[in-house]
Amino acid sequence: MNGCVRTEIEDDILIIVIDHPPVNACSTPVRRGLLDAIGQLAGAPELRAGVLIGAGRQFVVGADIKEFDRPPQSPALFEVANAFESCAKPIVAALHGAALGGGLELGLACDARVAEADCLLGLPEVGLGLIPGAGGTQRLPRLVGPVHAIRIIGGSERLRAAQAVEIGLVDKLAGTSLRADAIEYARALEGRKRCTRDRQVPVEKAADIEAAARSVRRAGGKERPAVLAAVEAIGLSMHLPFEDALARERTLFLQLRHSDEAAALRHQFFAERNASKLSLPPQARVRPVSIVAIIGAGTMGAGISISALDAGLKVILLEQDDAALERGLGRLRDHYANRTASGKISAELAERVLDRLEPTTDWSRIAPADLIIEAVFEDMDAKRAVFALIDRHARPGAVLASNTSYLDVDVIARTTSRPGDVLGLHFFSPAHVMKLVEIVRGAETAPSVLATAMQLARALDKQAVVTGNAFGFIGNRIYNAYRRHCEFMLEDGAWPEEIDAALEDFGFAMGPFAVADLSGLDIAWRMRRAQAARRHPDERYVPILDRLCEQGRFGRKAGRGYYTYEDGKRSQASDQTVRATIEAASAERGIERRALNAEEIQRRALAAMANEAACLLAEGVAARASDVDVVLVRGYGFPRWRGGPIFEAWRLGATAWEQSMDELASIEGPRFVRGDFSVLFDKTEQATH
Ligand code: NAD
């Protein structure tokens, strides 16, 4: 055929093999090759049926996403899918590895599907701001009914083959040989075409369909155009003839493909992929990690332990005394008890997982660990004391990591006799849930240690981003700039609830003051006091948070912060005391308060983030602009469908950037540092294309 699709003949069966490494993406040459293969099947009288299979470990993982940024190339995937159904001879899809997106759409257009048990099936297009555009929204409901179709397409639900058999998506689970079983199935079908398009959509209760639609529409808090389009298209499968509904699916697909949201989601997709790649010298060998020691069983230590245990690693959990150890173990036991009670895992599995946990207060027990992660209090003296002990007890070659949020990893590394083995692994809270981990590269961190950290992130199913060693690394530094600017807006005239509402409307799950109340204002207060002596007198400093803390308003845990909390419920607005504190701060600075509308709040908050990102890039703390977007989206609740602060700034363009920078300069005063847009632009371009 061509380089990407080849055919093999087994007696009277044509095996069509998609061979397009690394993941058999459905790019143009694959689509062309498939049409040729169908031509061969149709034109050879001695061939009775076909089998479609992938070479290597995957069937087909989906479309070639790079092609979405270019003019469409013929044939489109929907034409290939239609050609499968138009071919008079039956074709069986042999599914293995991943059959996702366009790959599954091809499978749906076949006459039957045989799958390996561990095959993963799904139509994740809405995650890229799209809907399946090759008949998926019409064929899937014909096989599994509208409710499952809404969950699979609108909710991006993925299934294993056994579940797919249960709901009628897959006809048969393969035994030891997928290929042989698919051939046998194809022979059995000989002469019988079973086009999915000709099936009736199973009739289901309207209330069930509506409930499924409501649940996917609400997921993520905001209604996304792609989800709405998916629900609409699936709805059409019940009412319109196949051809008409297919045409509407195509129109919706093309509209979405050119949307800002789809471009932003594609950017984020590539940004994440790039962030996971690190060019290291070939001698940078990954050090095997099967035993992890975690020092400190507090909030973070417990979360990291769960993450490591769930990844199959053995965990040695060390605390400073028995009482603290018992508290930490309580956190772990509660977590697994909840998982068991809610039916997420079996009691036996929970027991097996906890068997891999070794709690201790004895430092000599960490000796076998391949990796040691320190998660004690955020205090340099405490960290240095702990690293001196780690150095004494860890075996040579072990990787030594700190989960510090802000502190200097090089200072920590120099406490040991082996600074090359030290790095930062900055997990986010709750560490077993949040996908991001910042990998902090110290001045002396060895390449093999970085390579090991990248591999660990993959093993823990985390998104890694490498960052330089600077105060707050990438994420906290940008978040602080954002939060600081939101405080300027308080002083300039907005109330906390107005700022929170504007940013929640922008797409953040929570506004900055609601977040601050949740994490506790006292931590920031303590840090501000520690930094007070170093603060430049010309720096614009907003004292509102300090004043609130002086009044005992430490946030949600104290029942009051920027908001008041009754029975755990947040008040709709800040109370009169808070307003008076804010007004007093404005008056002290001689500011005449004025109303700020949502557009101004969003514009200024975004500009503050993007400017800090540009400064980080100029300083070399972030290697690529797109890394910043990954950190903000994965670690700080920036709306994924907006692509990230850099993507937004880049989309708005250079003129808007300069205007925003002038605005920030006038707001912030003489200490303002202006970021350079051109650096941002170049780096984003290099990273994504
Ligand atoms: P925490 O107070 O909940 O837990 C710290 C634990 O360390 C306590 O259980 C304490 O007993 C233990 N500990 C202290 N000294 C010890 C020693 N010498 N040996 C053994 N154990 C010792 O703190 P946390 O929130 O889990 O934070 C831990 C680290 O993670 C800090 O560096 C923090 O900045 C960082 N971090 C925290 C978050 C967060 O949201 N909480 C997020 C990212 C990073």
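Mind checking whether some residue in the range 177-194 is in a helix (DSSP H, G or I), under 21 Å from the mean Cα position of the chain (by Cα) and hydroxyl-bearing (Ser, Thr, Tyr)? Checking the range 177-194: not a single residue is in a helix (DSSP H, G or I), under 21 Å from the mean Cα position of the chain (by Cα) and hydroxyl-bearing (Ser, Thr, Tyr). One residue stands out among those in the range 1-22 that are within 33 Å of the chain's Cα centre (by Cα) and buried (at least 19 other Cβ atoms within 10 Å of the Cβ): the one that is nearest to Leu47 (Cα to Cα), which is Val17. Every listed requirement among (1) assigned to a loop (DSSP other than H, G, I, E, B); (2) in contact with a strand residue (DSSP E or B) (Cβ under 8 Å, 6 or more places away or on another chain); (3) under 25 Å from Glu504 (Cβ atoms); (4) not small (Gly, Ala, Ser) is met by Glu272 save one, (1).
Those residues that are within 14 Å of the ligand (Cβ to nearest atom) and open to solvent by less than 30 Å² (accessible area, probe 1.4 Å), I need them from the range 401-427; list them, please. Passing the criteria: Ala401, Ser402, Asn403, Thr404, Val409, Ile412, Gly424, Leu425, His426, Phe427.
Of all residues in the range 212-259, those that are modelled with pLDDT of 95 or more and part of a loop (DSSP other than H, G, I, E, B) total 2.
Remark: pairs (first residue in the range 154-170, more than 19 Å from Thr196 (Cβ to Cβ); second residue open to solvent by 10 Å² or more (accessible area, probe 1.4 Å) and part of a strand (DSSP E or B); Cβ separation under 8 Å; 6+ apart in sequence or on different chains) = Arg158/Leu100; Arg158/Leu120; Arg160/Leu120; Ala162/Leu173. The C-beta contact set for the range 99-114 (first residue of a type in the set (Val, Ile, Thr), second residue in a strand (DSSP E or B), distance under 8 angstrom, 6+ apart or interchain) comprises Val114/Val92; Val114/Ala93; Val114/Ala94; Val114/Leu95; Val114/Lys172; Val114/Leu173. Among the conditions (1) buried (at least 18 other Cβ atoms within 10 Å of the Cβ); (2) within 15 Å of the ligand (Cβ to nearest atom); (3) on the phi < 0 side of the Ramachandran plot, Pro430 misses just one, which is (1). The residues of the range 612-630 that are more than 14 Å from Gly472 (Cβ to Cβ) and open to solvent by less than 10 Å² (accessible area, probe 1.4 Å), listed by number, are Ala614, Leu617, Ala625, Ser626, Asp627, Asp629, Val630. List every residue pair whose Cβ atoms lie under 7 Å apart, where the two residues are 6 or more positions apart in sequence or sit on different chains, the first residue falls within the range 318-335 and is among the hydrophobic types (A, V, I, L, M, F, W, C) and assigned to a helix (DSSP H, G or I), and the second residue, located anywhere, is open to solvent by 30 Å² or more (accessible area, probe 1.4 Å) and more than 9 Å from the ligand (Cβ to nearest atom). That search, which allows pairs on different chains as well, returns Leu325/Pro359; Leu329/Pro359. Screening Ala388 against (1) within 15 Å of the ligand (Cβ to nearest atom); (2) modelled with pLDDT of 95 or more; (3) within 21 Å of Gly620 (Cβ to Cβ); (4) of a type outside the set (Lys, Arg) leaves a single unmet condition, (3).
For (1) under 26 Å from Arg192 (Cβ atoms); (2) modelled with pLDDT of 95 or more, each residue gets a yes or a no:
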position	(1), (2)
Pro22	no, no
Leu34	yes, yes
Gly39	yes, yes
Ile53	yes, yes
Glu85	yes, yes
Gly97	no, yes
Leu108	yes, yes
Gly122	no, yes
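Within the range 638-656, restricting attention to residues that are touching a Leu at 6+ places or on another chain (Cβ under 8 Å) and among the aromatic types (Phe, Trp, Tyr), the residue that is least open to solvent (accessible area, probe 1.4 Å) is Phe638. Taking Phe473 as the residue in question, decide whether it is in a loop (DSSP other than H, G, I, E, B) and in contact with a His (Cβ under 7 Å, 6 or more places away or on another chain). Considered against the rule, which asks whether it is in a loop (DSSP other than H, G, I, E, B) and in contact with a His (Cβ under 7 Å, 6 or more places away or on another chain), Phe473 comes out as yes.
For the range 215-229, the criterion of being away from the ligand (no atom under 16 Å from the Cβ), touching a residue at least 60 places away in the same chain (Cβ under 8 Å) and at positive phi is satisfied by at least one residue.
Within the range 141-176, which residues are of a type outside the set (A, V, I, L, M, F, W, C), surrounded by fewer than 20 Cβ atoms within 10 Å (Cβ to Cβ), under 27 Å from Leu41 (Cβ atoms) and touching a helix residue (DSSP H, G or I) at 6+ places or on another chain (Cβ under 9 Å)? If the condition is that a residue be of a type outside the set (A, V, I, L, M, F, W, C), surrounded by fewer than 20 Cβ atoms within 10 Å (Cβ to Cβ), under 27 Å from Leu41 (Cβ atoms) and touching a helix residue (DSSP H, G or I) at 6+ places or on another chain (Cβ under 9 Å), then Gly168, Asp171, Lys172, Gly175 are the ones that fit. Give me the pairs, please: first residue somewhere in the range 259-273 and touching a residue at least 60 places away in the same chain (Cβ under 8 Å) and more than 18 Å from Leu680 (Cα to Cα), second residue anywhere and open to solvent by less than 20 Å² (accessible area, probe 1.4 Å) and part of a helix (DSSP H, G or I), beta-carbon distance under 7 Å, and either six or more positions apart or on two chains. If the second residue must be open to solvent by less than 20 Å² (accessible area, probe 1.4 Å) and part of a helix (DSSP H, G or I), the pairs left are Ala262/Leu256. Arg540 meets the stated requirement of being open to solvent by 10 Å² or more (accessible area, probe 1.4 Å) and touching a residue at least 40 places away in the same chain (Cβ under 8 Å). Of note, Glu566 does not satisfy the criterion of being modelled with pLDDT of 95 or more, among the charged types (D, E, K, R) and open to solvent by 10 Å² or more (accessible area, probe 1.4 Å).
Applying the selection to the range 331-370, what residues are within 16 Å of the ligand (Cβ to nearest atom) and open to solvent by less than 30 Å² (accessible area, probe 1.4 Å)? Scanning the range 331-370 gives Leu332, Leu357, Thr360, Ile366, Ala369. Applying the criterion of being surrounded by 18 or more Cβ atoms within 10 Å (Cβ to Cβ) and within 15 Å of the ligand (Cβ to nearest atom) to the residues of the range 309-330, the residue that is nearest to the chain's Cα centre (by Cα) is Val315. Of everything in the range 660-689 that's loosely packed, with under 15 Cβ neighbours inside 10 Å and among the polar types (S, T, N, Q), which residue is modelled with the highest pLDDT? So, considering only residues that are loosely packed, with under 15 Cβ neighbours inside 10 Å and among the polar types (S, T, N, Q), the one modelled with the highest pLDDT is Ser666. Look through the range 146-176, keep the residues that are within 29 Å of the chain's Cα centre (by Cα) and part of a loop (DSSP other than H, G, I, E, B), and return whichever of them is nearest to Val227 (Cα to Cα). Selected residue: Gly155.
Annotation note: Cβ proximity below 7 Å between a residue of the range 341-369 that is closer than 18 Å to Ala311 by Cα and a residue that is among the aromatic types (Phe, Trp, Tyr) and surrounded by 14 or more Cβ atoms within 10 Å (Cβ to Cβ) (sequence gap 6+ or interchain) occurs for Ala350/Tyr336; Val353/Tyr336; Leu354/Tyr336. Answer with yes or no whether Val286 is within 18 Å of Ala369 (Cβ to Cβ), open to solvent by 50 Å² or more (accessible area, probe 1.4 Å) and within 26 Å of the chain's Cα centre (by Cα). It is true that Val286 is within 18 Å of Ala369 (Cβ to Cβ), open to solvent by 50 Å² or more (accessible area, probe 1.4 Å) and within 26 Å of the chain's Cα centre (by Cα). Against the numbered list (1) near the ligand (Cβ under 10 Å from one of its atoms); (2) at pLDDT below 95; (3) surrounded by fewer than 16 Cβ atoms within 10 Å (Cβ to Cβ), Glu378 comes up short only at (3).
Return yes when Asp36 is within 19 Å of Ala134 (Cα to Cα), under 28 Å from the mean Cα position of the chain (by Cα) and among the acidic types (Asp, Glu) and no when it is not. No; evaluated as a whole, the condition is false for this residue.
The values are calculated or read from the model by the stated rules, or taken from the named source; none is laboratory data. On a predicted model such as this, the values are computed, not experimentally measured, just so you know. Note that each Cβ is placed from the backbone with ideal geometry, even for glycine, and that neighbours are counted across all protein chains shown. Side chains are part of the model used for accessible areas, which takes the heavy atoms of the whole protein and leaves out ligands, DNA and RNA. Shrake-Rupley method; radii C 1.70, N 1.55, O 1.52, S 1.80 Å.
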